[in-house]
Structures are given as C-alpha cells and as structure tokens.
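Participant: Structure incoming, see below.
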Amino acid sequence: LAYYDTLTGMFTRHGFFIHARGLLETFKARDEDFVLIQMNVRHFRIINNLYGMEKGNRLLVLLAERIRSIKPKESIAGRVGDDVFVVVMPRHDFYAENWERMLWRVEQEAGEDVFHVHIHAGVFMGDSVNIPLSRMIEYTWAAQETIMDDPQSHIAYYRPGQLKKVRRARALINVFEKAIRRGEFQVYLQPQVDRHGKVVSAEVLSRWVTASGEIISPGEFIPFLEQTGQIVRLDHYVWGQAIQLLKKWEGTPFSHLKLSLNVFPEDFDYLDVPDTLCSLADMYGVPRNKINVEITESAIISRSALRQRVADRLVEAGFELEIDDFGKGNSSLNTLRNIKAQTLKLDMDFLKIDEDSSMRGMIIIESMIHMAKLLDMTVVAEGVETNAQRDALLEMDCDLLQGYLFSKPIPVAEFENNLQKSWHEGKCPVCRLEEV
C-alpha cells in the first residue's frame, strides 16, 4: 500500500520517488539525459464536485491506462497526487507528439462522462541527476502554469526563471485570505463614456494593495486564484464592495452611474451566480438595473446549455447582461442568438483600429456593431487608446468607449475626484495619453 496506488495500480508518491531515483542513477552511470513529464487534470476538484467521485475516479483510471500504454519500457510512472501523474524516461524515448495525442484522446474519451476535460503536462529536460526529484517536479509545475489558461495546449517545457515566478504566486496565494480580511483588495474603476464624453458607467476591477503600499499586478495573482478556485472568494468580495458603493452613491451626483461586475468561469462552478448577486443587491437595497454583469463569450460557450440558463436567470432577475471579449478567440454567432444579453463588449486589443488597419478589419468591426444594433444591444468598445480609434468607433455608431484614452483603472476616490473636477470645469474627462 505504501508503494502502489490501489485505484490506478501505479506507484504512489513514496514508491515513485524510491524507484525513480534508482532509474536516474542508471542514467547517470550511462551519462544519459532524461525527461520528467508531469500531467494533471485542470479543475479536477470541480469535476468531482459536479459529477461525483465515481466519474472522477474513472477519469484517473483511464489516464493511468493510457500512460502505461505509451510510456517506454525503461521508465517509472507514478500517481503522486490526487490527479497528478509523473513519468521519468530516457530523453531519446520521449516523443512529444505521441504524448500530446494521448492526452487529447483521453480528453475526448472522458468527455463522454464529464462535459469538458483539459489535461496539461509540464516537461523538464534533465542532464543532471543531482537535482532533487521534488525540485524537478516543481520545474514541471512551473512550465505547466504557462499554459493553464490555454485549452488548446497540452505540453509546456520548463525554462530557467519560471520557478521563481510560480513560487512568488504561491506565496501570494498562501496569504490571500488574510489579505481579504485586512481589506488589501481594493476596488478600482475604469470609466465608460458615451459619444458626448459623459461618464455613464464604469467597469469594476480589483487591485491588491499590501499593507506596505505595494500594488500587486492582477497578472501575478489572478491566474493562480483561477487555478485554485479561490477566484470565487475574491469575486464575491469585490461584488459586495461594488454594490455597497452604488448604495453610497444614492442621492449624490454619482447616482446615475452603473457598475459592471466581472464573472469568471469558475464562479459558475462554485456559486449560484444569479442568487448570489440578487442577495447582495437586496441586502444593500440597490436596484438590480444599476448592475451590469460581464460574462466572457468563452465562458458562455463552455458548458453552453448550463450557462445559458444562468444567463437567462440573470436577465430575468433584472440585471443587465454583457457579453465580454466578443471577437476574441472562438466567436460564435450562436452566443448572440441564444443569450438574451443587452450589451455586447468588443475587445479592441483583438480588433485593432489604427492607421494601418485593413479595410477588411474595419468592415468586420462595423458589421459587428451594426448587427448588435439590429439586436437592440448596446455596444461597448474597450481598449480604446488613440483619438483615431475613438473617432472611427463613433463614426461606426459605437455607444460606449472604454480605455486608456479616457482613464486607466483608478481607485474609487480618484474616480470620484476626477468626475467632480470635470463637472466643475465643464470639460470632458479625457486624459492625454502621455499623462496616463
């Protein structure tokens, strides 16, 4: 029992470390390079929660069988975590295309039991057995983290420096809950302006500001919160802070403003999003039509039937639903047909408008705006950075604009001060790019 996993028949972590070390010593004696590949199932805990441990176990057994069928004779394989499998083999026996094909086939076969499965692998190419096995596995984790948000990629290779970044992120995750309790996560707002330059709404974002005043970039901690499921905790906190802000603005010059809240795909897996937002709005006595709910198009496409029902419930509850990042990645017109969203948000980082834009690109953007208008949808363009982009979008009859041309995401107090100043001066609150 100490050496073999009763579910998959593979070595346990203890058994793997003992036998893999012996194999590595063999490679050392032959002066032979080796490969360590580590594989795990993305959001395996969610699969267990949604579909039950029996189906989760079937997936693990299937993956173990496929690993055994493909690994070379001179290799050691083990299940070293709940859904973590590791293989050590000679470098000359490692063919990435075979492993990638195997992982893809497991995903397809498992899809008959579980709606959507992603399996990622990290690879460490070794030439020295003096590195501890635990460190090598850390290297494969660091490599894997680089593709965790890319369902099209299966294998990533460790590069020097990746481990330092992962350790930094893990250190942040370890203090995450304390940071929330201390109020270190602050609401930032990025204004959305209409064609007359009037701020009518803002997207709610968050920044981690430590007790020492360090601002931690979302790019550092958001991906790891998503991978661990803790993004749900942060989202719930930020939604509550934003709704309290709307309550605070009642009876003030800011009372006309709406706020857009982001919903991550993981929120659907852990929360009843409509019930949660309804409870928060009702708790603070905020009209639901003051709250826009942003859901990315890719999140809707994944498990579309389930999330379509959730989207319908949000609209029925009185929230304004926004399809975010439309035009980025796998756009589907079925999304617009099936989801009764009121707002379409175009990603201008993907749909570039500048002096070098092709006529074809401009026609696509204008057609998307025209299509949304025929569906009686408001169109928001985010990522607007230049006057040329602004002018082109307004010419295309885009309703609202958002981006660094107008303001970067800023703290609430700064947002309020900027608006009050612009009202006092009677000017459009547009920042010059060099000041942003």
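Participant: Which members of the stretch 385-411 meet the condition of being assigned to a loop (DSSP other than H, G, I, E, B) and either modelled with pLDDT under 90 or of a type in the set (Gly, Ala, Ser) (or both)?
Facilitator: If the condition is that a residue be assigned to a loop (DSSP other than H, G, I, E, B) and either modelled with pLDDT under 90 or of a type in the set (Gly, Ala, Ser) (or both), then 385, 386, 403, 407 are the ones that fit.
Participant: Whether any residue in the stretch 47-61 is closer than 28 Å to residue 146 by Cβ, surrounded by fewer than 20 Cβ atoms within 10 Å (Cβ to Cβ), touching a residue at least 40 places away in the same chain (Cβ under 8 Å) and out of contact with any Asp or Glu (no Cβ under 8 Å at 6 or more places or on another chain) is what I want to check.
Facilitator: Taking every residue of the stretch 47-61 in turn, none turns out to be closer than 28 Å to residue 146 by Cβ, surrounded by fewer than 20 Cβ atoms within 10 Å (Cβ to Cβ), touching a residue at least 40 places away in the same chain (Cβ under 8 Å) and out of contact with any Asp or Glu (no Cβ under 8 Å at 6 or more places or on another chain).
Participant: Please state which of the following conditions residue 160 fails to meet, knowing it meets all the rest: (1) out of contact with any helix residue (DSSP H, G or I) (no Cβ under 6 Å at 6 or more places or on another chain); (2) part of a loop (DSSP other than H, G, I, E, B); (3) under 21 Å from residue 46 (Cβ atoms).
Facilitator: (3)
Participant: Turning to a different aspect of this structure: Quick test of your reading of the structure: residue 289 fulfils all but one of (1) farther than 30 Å from residue 390 by Cα; (2) in a helix (DSSP H, G or I); (3) at pLDDT 85 or above; (4) not small (Gly, Ala, Ser). Name the failing condition by number.
Facilitator: The single condition residue 289 does not satisfy is (1).
Participant: Condition (residue is surrounded by 16 or more Cβ atoms within 10 Å (Cβ to Cβ), free of Cβ contacts under 8 Å to residues at least 12 places away in the same chain, on the phi < 0 side of the Ramachandran plot and not small (Gly, Ala, Ser)) applied to the stretch 158-167: is it met by at least one residue?
Facilitator: No: zero hits.
Participant: Residue under question is residue 32, and the condition is that it be among the acidic types (Asp, Glu), without any contact (Cβ under 8 Å) to a residue 40 or more places away in the chain and surrounded by fewer than 20 Cβ atoms within 10 Å (Cβ to Cβ); does it hold?
Facilitator: no
Participant: Moving on. I'd like the full set of residues that are in a helix (DSSP H, G or I) and over 24 Å from residue 99 (Cα atoms), limited to the stretch 23-39.
Facilitator: 25, 28, 29
This table checks each residue for (1) without any contact (Cβ under 8 Å) to a residue 12 or more places away in the chain; (2) surrounded by 17 or more Cβ atoms within 10 Å (Cβ to Cβ); (3) under 30 Å from residue 171 (Cβ atoms); (4) not assigned by TED's automatic domain parsing to the domain that holds residue 198.
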site	(1), (2), (3), (4)
217	yes, no, yes, no
223	no, no, yes, no
254	no, yes, no, no
261	no, yes, yes, no
275	yes, no, no, no
281	no, yes, no, no
284	no, no, no, no
287	no, no, no, no
292	no, yes, no, no
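Participant: Go through the stretch 181-198 and give me each residue that's under 16 Å from residue 214 (Cβ atoms) and either part of a strand (DSSP E or B) or among the aliphatic types (A, V, I, L, M) (or both).
Facilitator: Residues satisfying the conditions are 185, 186, 188.
Participant: Spot the failing condition for residue 104; the list is (1) farther than 25 Å from residue 222 by Cα; (2) in the same structural domain as residue 210 (by TED's automatic domain parsing), and only one is missed.
Facilitator: For residue 104, the failing item is (2).
The values are calculated or read from the model by the stated rules, or taken from the named source; none is laboratory data. In this text, all values refer to a predicted model and were calculated from it rather than measured experimentally. Note: ideal-geometry Cβ built from the backbone for every residue, glycine included; neighbour counts use all protein chains shown.
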